[in-house]
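K.L.:
Encoded as structure tokens, here's the structure I'll be asking about.
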Amino acid sequence: MLLVFGSINIDLVFRVAALPGPGETVLGPSYATMPGGKGANQAVAAARAGAAVRMVGRVGRDGFAELALTALRDAGVDTGGIVASDAPTGCASIAVDDKGENQIIVASGANAHVTADQVDDALLGPGTTLVLQMELAERETAALIARARRRGARIVLNLAPALPLAQEVLRAVDVLVVNAGEGAGLASRLGVASADHKALAVPLSRALGTTVVMTLGKDGAIAAARGGAWRVGALPVSPVDTTGAGDAFVGVLAAALDGGSPLDAALHRASVAAGLACLELGAQSSLPDRGAIERALPKLPRPVRLS
């Protein structure tokens with residue numbers, strides 16, 4: 001089972017010709033209201049990929065809450081761990097330009113009140129894969145990681161946004177997922193260097209003693225573990241919106257690992273899912289199901305072993 005401890009938002013998505021600079025106002029033709037939040041997105045991605053998923057988080061007592069909860073339930077996510085809060089449901093403003101690039105502002109709302117004690121110890125045993133991000137309070141994320149480590153759960157942490165966590169917390173994680181910017185920031189804090197910044201996953205894995213997966217956008221991803229390192233390319237697509245790609249990657253990676261796939265096979269599925277998620281506007285609306293992933297797998301060569 002996958003247990004996702006994370007944020008639940010409603011996204012207001014604006015299409016614009018070009019992203020605004022500081023102090024600049026740009027006009028777009030319309031906007032869309034869509035379910036989002038890194039936690040919810042990853043839960044939906046994993047559920048659509050075939051995993052049994054339970055979501056833990058908070059929403060407000062407002063109209064946005066019902067939109068968010070309905071989207072999770074429709075994807076097959078168990079929402080029994082979601083609590084109603086007096087704070088408003090989290091909200092994100094997302095601008096997407098004609099190249100598919102995005103610019104995002106997030107108001108945490110009820111997400112700021114999610115606590116680790118919403119998760120019962122019985123859910124943190126060896127049969128659970130715990131998936132976390134960094135859109136909740138850092139202390140609550142760290143507290144749940146410590147409890148999950150003691151109880152024997154597999155722990156997958158997406159260090160996004162790239163907020164600092166103590167080294168002992170990072171070392172307790174089984175799989176750490178970062179993008180290139182997040183990986184570079186972490187490497188700087190740890191004093192880790194590499195001649196190839198795209199290969200930072202390898203020295204980061206050695207420094208932390210855990211599996212590190214670094215996503216590289218159009219260049220694919222690298223996974224490094226004690227058993228070796230693998231590199232996979234990106235699915236060749238013409239992106240419409242890259243907003244959901246990272247969450248598709250994490251959710252499908254976690255689902256594959258939870259289902260017993262080895263790291264290289266999970267990396268392959270995750271990269272395919274990330275590419276497919278770039279083909280539609282929005283985060284959750286773009287997340288592919290298991291069938292779409294299976295059909296697209298032959299279009300991307302399997303990962304290559306680096307060491």
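The values are calculated or read from the model by the stated rules, or taken from the named source; none is laboratory data. Small disclaimer: the values here were computed from a predicted structure and weren't measured. Positions of Cβ are generated from backbone atoms using ideal geometry, with glycine treated the same way; all protein chains shown enter the neighbour counts.
K.L.:
Enumerate the pairs (first residue in segment 96-120 and among the acidic types (Asp, Glu); second residue anywhere and surrounded by fewer than 14 Cβ atoms within 10 Å (Cβ to Cβ) and assigned to a loop (DSSP other than H, G, I, E, B)) with beta-carbon separation below 7 Å, excluding pairs fewer than 6 apart on the same chain, so at least 6 apart or on different chains.
P.N.:
Asp97/Ala17; Asp97/Ala18; Asp98/Ala17
K.L.:
For segment 207-243, enumerate the residues that are under 22 Å from Lys38 (Cβ atoms), modelled with pLDDT under 90 and of a type outside the set (A, V, I, L, M, F, W, C).
P.N.:
Pro239, Asp241, Thr242, Thr243
K.L.:
For segment 147-170, how many residues are more than 19 Å from Ser7 (Cα to Cα) and surrounded by 14 or more Cβ atoms within 10 Å (Cβ to Cβ)?
P.N.:
Residues in segment 147-170 being more than 19 Å from Ser7 (Cα to Cα) and surrounded by 14 or more Cβ atoms within 10 Å (Cβ to Cβ): 7 in total.
K.L.:
Considering only residues that are touching a residue at least 40 places away in the same chain (Cβ under 8 Å) and in a loop (DSSP other than H, G, I, E, B), look in segment 135-170 and name the one that is nearest to Lys198 (Cα to Cα).
P.N.:
Per the criteria, the residue is Ala160.
K.L.:
Also: If I ask for residues that are over 17 Å from Val4 (Cβ atoms) and either without any contact (Cβ under 8 Å) to a residue 24 or more places away in the chain or not in a helix (DSSP H, G or I) (or both), which ones from segment 171-185 would you list? Before you say what the answer is, go through the steps one by one.
P.N.:
Going through segment 171-185, the residues over 17 Å from Val4 (Cβ atoms) turn out to be 171-172, 178-185.
Answer for segment 171-185, where residues must be over 17 Å from Val4 (Cβ atoms) and either without any contact (Cβ under 8 Å) to a residue 24 or more places away in the chain or not in a helix (DSSP H, G or I) (or both): Ala172, Val178, Asn179, Gly181, Glu182, Ala184, Gly185.
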